[in-house]
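Participant: To start, I am sharing the structure in question, which I have written as structure tokens.
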Amino acid sequence: LSQTKPLASVLKDVCDAWSLPNAERYALQYADGRQIYITESNRRDIKNGSILRLTTSPDQEAEQLYIGIQSKNVDVKTDSLKKLASLSQDVTFAQEFISRNGLKQIYSIVEEGKDTGEMLAHTLKAFTELMEHDFVSWDNLSTVFIKKIVSYVNINTVDASIQQLSLSILENMVPTSRLLFEVVKKEVTLDRLLTHLQATNAQLQLKAMALLIALLLSATDAERRDMLDYLREKNIRQFIHKNIIHSSKPLGDEMAHYLYVLQSVSLNLCEHRMKMSMDPYSQDQRDLLQSLRQTAFELESEVPAGTFSTERRRSLCAKEFRKLGFMNNSNPAEDLRRAPPGLLALDNMVYFSRNTPNAYSRFILENSSREDKHECPFARSSIQLTLILCEILHIGEPCSETAQAFYPMFFGQDHFFQELFCICIQLVNKTWKEMRATQEDFDKVMQVVREQITRTLSLKPTSLELFKTRVNTLNYSEILKLRQTERLHQEETLAVPVLKLREKLKPELRELIRQQRLLHLCEGTLFRKISSRRRQDKLWYCRLSPNHKVLHYGDVEEGVQSPPIESLTEKIPVADMKMLLVGKECPHTKEKSSGKQNKDVLELAFSIVHDVEEYCLNFIAPTRYEFCLWTDGLNVLLGKEMTSERTQTDLDVLLSMELKLRLLDLENISIPDEPPPIPKPPSNLNFCYDFSHAEQ
């Protein structure tokens, strides 16, 4: 197909080649997939390798089918309707057919109601496809036509394929106008839709769900609330949870999207309360606030009103609100003026106090009795947690047109949002204690809690009980480990080639540490002698000779920092050193003693056994750092591995630095786990240049 020539010329050439007259009666069409006609507007979309076929032009086809669907011959009419249903997907054909007033014929077939079964199914399919192109308004439909489509949905004896098409037509009709929405809502009851939802036919179930979602999205807030309340009474959630989500058949993308929308619409019922600030003059809201205080401190609240003066009572209430964790304890309503989360936070706190009174009382009393600044503020935490849950669950946000991310546990639980809050507020208290947090750490704790919730929700737990178990297992220390692992992955230090590189670098870096340890021994260290009475006496100095052959040591005076090696009179040849002893094994720590000092000495003590076992040179290192460096250095001299904790720390630091330097050029380049395959050697090497035949 030459893209430079007009289509009319291309068609004429093809028709001439096959000796076909009247080229204008023909068109090109894709031979595979959706059999769309080729026009001047879509010819640029043709991909190389596409196969096209010569066929009747759209206007000729539309004329023939327009006549065919009016035929008295049943077979001709059925075939024409079947072909019409297939060709109506093409916009060029649809335009031609509609321009001939073809839709009027389809209306009359449905309104007369004489045709049923296969013929009616093809008619409804053709109507759906033609309406998809938006050439005709849905408002043009007659009441008779709509009533007929509704009757196919409401009558049990109608074939399932016709019911599916009818549900699909109504679903497309509902969003187009308020009038059509009201007609469909009135004629197709929720009970009827629930009957279709419970059908074993998966397609029928899907189309019923699609219409239900279309009705919910087109309804006003009040209508939507009433519809969802009715559906809750009919236990639709439990049915979906059991028969759709946990069905033996896999859940399709379309159904997953409808479940996401149903979840989103249901959760958005909380939006009204979330955006409403507390009104300090509303008696109902004040009563809810007071109920929190009375539930937590009911014994104190039972004191008769006349016992205290008004001022004393106000002071007592303020104290109790402070214990509840309100920031503004004299006027707690101020804490709830922020919207979002607004009154939704108050609703959650009241729900928690009424439905899990024991957990509520334990939370309040446990934290109100603490005096160490580690108390977790219930009200402040609840307000912030409600906001976090609203953000995670996207409450108040419009539904996405493509999203499929629903939570299976949402459909397994009434009052999902409130029940989720009850689990998470106890999680806040648990995490607060694990972090030993104070008021200054409030934001940090809530950040960890947000992470615990989002990580657990990403696992898609099937029930709230499972969510509770998993979120409580994911404690603060686990979060820290996960963060560390993710950071390493981000830096690509856990990629397989990088791990191999680490192993390759280790011997070289260990040698570097060995050299540093020996260098430190050559510089020497000042030690203190400790007598049998554990009194610190004289100072002495020890250092290794530059050739690493001899240890020189001797007493020094106070104030001498680095005595010359010649002034150290005592020496031990390294060749005579037998072993290194540390801690309790050292002879100078075996004398009985108790107390903190002895424990400190044990951690810093080491001895060198030399010549014969009777001779030991005993050390008490001034710091743990010196202890690590000296024990490592002496182990190197003895030809053994360095075992101190400092060795591992230094090795990790050096490895990290070396890896970062080596990987600098690979920034933003993903490293594959496996090396690329080495290609096979060529079958011959004749392409190599033979230098022996070089020109003289």
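Participant: PRE reach from residue 132 (point 7 Å along Cα→Cβ): which of the stretch 24-64 fall under 11 Å by backbone N?
Facilitator: Zone members listed by number: 34-35.
Participant: Taking a point 7 angstrom from the Cα of residue 7 along the C-beta vector, which residues in the stretch 20-41 have backbone N less than 19 Å away?
Facilitator: The answer is 22-41.
Participant: Where does helix 378-392 land angle-wise versus the long Cα axis of the chain, in degrees 0 to 90, nearest 10?
Facilitator: On a 0 to 90 degree scale, this one is about 50.
Participant: Which value in Å is the Kirkwood Rh of the stretch 57-136 over different Cα pairs?
Facilitator: Every distinct Cα pair counted, the radius reaches 12.1 Å.
Participant: Determine, from the Cβ-Cβ distance of residue 316 and residue 361 and an R0 of 25 Å, the FRET efficiency 1/(1 + (r/R0)^6), rounded to the nearest 0.05.
Facilitator: Details: r = 18 Å, r/R0 = 0.73.
In this case the efficiency is close to 0.85.
Participant: Sticking with this one: Relative to the Cα centre, what is the charge dipole magnitude of the stretch 57-136, using +1 at the beta carbon of each Lys and Arg, -1 at the beta carbon of each Asp and Glu, and rounding to the nearest 20 debye? Please report the intermediate quantities before stating the final value.
Facilitator: Values: 8 positive and 14 negative charges, 51 e Å.
So the magnitude is around 240 debye.
Participant: How much length, in nm to one decimal, is gained on full extension between residue 74 and residue 198, taken as 0.36 nm per residue of separation minus their Cα-Cα distance? Provide the component values of the computation, followed by the final result.
Facilitator: Details: separation 124, 0.36 × 124 = 44.64 nm, distance 3.52 nm.
My answer for the length gained is 41.1 nm.
Participant: What is the calculated FRET efficiency for residue 143 to residue 229, with r their C-beta to C-beta distance and R₀ = 25 Å, to the nearest 0.05? Kindly include the intermediate steps, with their values, before the conclusion.
Facilitator: Working: r = 30 Å, r/R0 = 1.20.
Result of the calculation: an efficiency of 0.25.
Participant: Once you place label points 7 Å from the Cα toward the Cβ at residue 560 and residue 22, how far apart are they in nm?
Facilitator: Taking the two extended label points, one gets 12.3 nm.
Participant: Just how large is the dipole of the stretch 1-46 about the Cα centre, in debye to the nearest 20, putting +1 at every Lys and Arg Cβ and -1 at every Asp and Glu Cβ? The partial results should precede the final answer.
Facilitator: Values: 6 positive and 6 negative charges, 16 e Å.
Using only the charged Cβ atoms, the result is roughly 80 debye.
Participant: For the stretch 357-434, what is the Kirkwood estimate of the hydrodynamic radius, computed as the reciprocal of the mean inverse distance between distinct Cα atoms, to one decimal in Å? It would help to have the intermediate numbers written out before the result.
Facilitator: Details: mean 1/r = 0.0690 Å⁻¹.
It is 14.5 Å.
Participant: On full extension of the chain, what length is gained from residue 401 through residue 590, given 0.36 nm per residue of separation minus the C-alpha to C-alpha distance?
Facilitator: Details: separation 189, 0.36 × 189 = 68.04 nm, distance 7.71 nm.
Computed gain between residue 401 and residue 590 is 60.3 nm.
Participant: Still on this structure, I have one more. Determine, from the Cβ-Cβ distance of residue 664 and residue 515 and an R0 of 22 Å, the FRET efficiency 1/(1 + (r/R0)^6), rounded to the nearest 0.05. Mind showing how you got there, number by number?
Facilitator: Values: r = 25 Å, r/R0 = 1.16.
In this case the efficiency is close to 0.30.
Participant: Here's another thing I want to ask about it. Which of the pairs 323/444; 83/148; 640/660; 242/460 have their Cα atoms more than 19 Å apart in this structure?
Facilitator: On the way: 323/444 21 Å; 83/148 23 Å; 640/660 30 Å; 242/460 16 Å.
Those over the limit are 323/444; 83/148; 640/660.
Participant: In debye, nearest 20, what is the charge dipole magnitude of the chain about its Cα centre with +1 on Lys and Arg Cβ and -1 on Asp and Glu Cβ, if you could check?
Facilitator: Values: 87 positive and 95 negative charges, 344 e Å.
Here the chain has a charge dipole of around 1660 debye.
Participant: Further question on the same structure: To the nearest 500 deg cm²/dmol, what mean residue ellipticity at 222 nm is calculated for the chain from DSSP H runs of n ≥ 4 alone, each contributing -39,500 (n - 2.57), summed and divided by the residues? Walk me through the numbers on the way to the answer.
Facilitator: Numbers: 29 runs with 371 residues, N = 696.
That comes out to -17000 deg cm²/dmol.
Participant: Please name whichever of 211, 251, 265 sits farthest to the positive end of the charge dipole of the stretch 189-282, dipole taken about the Cα centre and charges placed at Cβ: Lys and Arg +1, Asp and Glu -1.
Facilitator: In the stretch 189-282, that residue is 251.
Participant: So, one more: If the cut-off is a Cα-Cα distance under 12 Å, which aspartates and glutamates reach residue 373, setting aside same-chain residues fewer than 8 apart in sequence?
Facilitator: 440, 441
Participant: What translational diffusion coefficient, in µm²/s and rounded to a whole number, does the Stokes-Einstein relation yield for the stretch 8-115 at 25 °C and a viscosity of 0.890 mPa s, taking the hydrodynamic radius as the Kirkwood radius over Cα pairs?
Facilitator: Numbers: Rh = 15.2 Å.
For the chosen part, D equals 161 µm²/s.
Participant: Run the reach check for residue 186 against aspartates and glutamates, Cα to Cα strictly under 16 Å, same-chain hits fewer than 8 apart removed. What comes back?
Facilitator: Within reach: 171, 223, 226.
Participant: Could you pull the accessible area for residue 174 with a 1.4 Å probe, rounded to 10 Å²?
Facilitator: Approximately 0 Å² for this residue.
Participant: So what are the stretch 505-648's ellipsoid semi-axes, whole angstrom, largest first, if each one is the square root of 5 times an eigenvalue of the alpha-carbon gyration tensor?
Facilitator: Working: eigenvalues 108, 72, 45 Å².
So the equivalent ellipsoid measures 23, 19, 15 Å along its semi-axes.
Participant: Same structure, new question: Relative to the longest principal Cα axis of the chain, at what angle does helix 416-434 sit, 0 to 90 degrees, rounded to 10?
Facilitator: The angle comes out near 10 degrees.
Participant: Compute the angle between helix 160-173 and the longest alpha-carbon principal axis of the chain, please, reported from 0 to 90 degrees and rounded to the nearest 10.
Facilitator: Here the helix axis deviates by roughly 80 degrees.
Participant: So, one more: Modelled label-to-label distance, residue 254 and residue 31, 7 Å Cα→beta-carbon offset: nm?
Facilitator: 3.1
Participant: Additional query: Determine the principal axes of the Cα atoms in the stretch 335-467, then give the extent along each, sorted from largest to smallest and rounded to whole angstroms.
Facilitator: Result, largest extent first: 51, 28, 26 Å.
Participant: Multiply the residue gap between residue 157 and residue 506 by 0.36 nm, knock off their C-alpha separation, and tell me the result in nm, one decimal place.
Facilitator: Numbers: separation 349, 0.36 × 349 = 125.64 nm, distance 7.79 nm.
Fully extending the segment from residue 157 to residue 506 adds 117.9 nm.
Participant: Something else: Along the positive direction of the dipole of the chain (beta-carbon charges: Lys, Arg +1; Asp, Glu -1; about the Cα centre), which of 52, 156, 141 reaches farthest?
Facilitator: Value: 156.
Participant: Then there is this: Applying a 10 Å radius around every beta-carbon, put 75-83, 162-170, 29-37 in order of their mean neighbour count, most first.
Facilitator: Numbers: 75-83: 17.6, 162-170: 23.7, 29-37: 14.0.
With the highest mean Cβ count within 10 Å placed first, the list reads 162-170, 75-83, 29-37.
Participant: Related question: Could you work out Rg/(2.2 N^0.38 Å) for the chain, with Rg from alpha carbons only?
Facilitator: Working: Rg = 41.6 Å, N = 696, 2.2 N^0.38 = 26.5 Å.
So the Cα radius of gyration is 1.57 times the expected 2.2 N^0.38 Å.
Participant: Restrict the search to the stretch 38-81; then list the GluC sites (Glu not before Pro) that DSSP places in a loop and that have at most 14 other Cβ atoms within 10 Å of their Cβ.
Facilitator: Qualifying residues, ordered by number: 40.
Participant: Above 26 angstrom, tally the Cα pairs of the stretch 76-211 and express them as a % of all pairs, no decimals.
Facilitator: 19
Participant: Now for a different question. Would you calculate the separation in nanometres between label points at residue 39 and residue 275, each defined as 7 Å from the Cα along the Cα-to-beta-carbon direction?
Facilitator: With each label point 7 Å from Cα toward Cβ, the separation is 4.2 nm.
Participant: Anything over 21 Å Cα to Cα? Flag those among 319/430; 125/249; 529/571; 125/147, in the order listed. Please list the in-between numbers first.
Facilitator: Values: 319/430 24 Å; 125/249 26 Å; 529/571 17 Å; 125/147 18 Å.
319/430; 125/249, as the Cα separations exceed 21 Å there.
Participant: Can I ask one more? Restricting things to Cα coordinates, could you compute the convex hull volume per residue of the stretch 1-46 in Å³?
Facilitator: On the way: hull volume 3.7 nm³, N = 46.
About 81 Å³ per residue, rounded to a whole number.
The values are calculated or read from the model by the stated rules, or taken from the named source; none is laboratory data. Since this is a predicted model, take the numbers as computed values, not measurements. Quick reminder, even Gly has a Cβ in these numbers, built from the backbone with ideal geometry, and neighbours come from all protein chains shown. Protein only, heavy atoms only, side chains kept; ligands, DNA and RNA dropped before computing areas. Shrake-Rupley method; radii C 1.70, N 1.55, O 1.52, S 1.80 Å.
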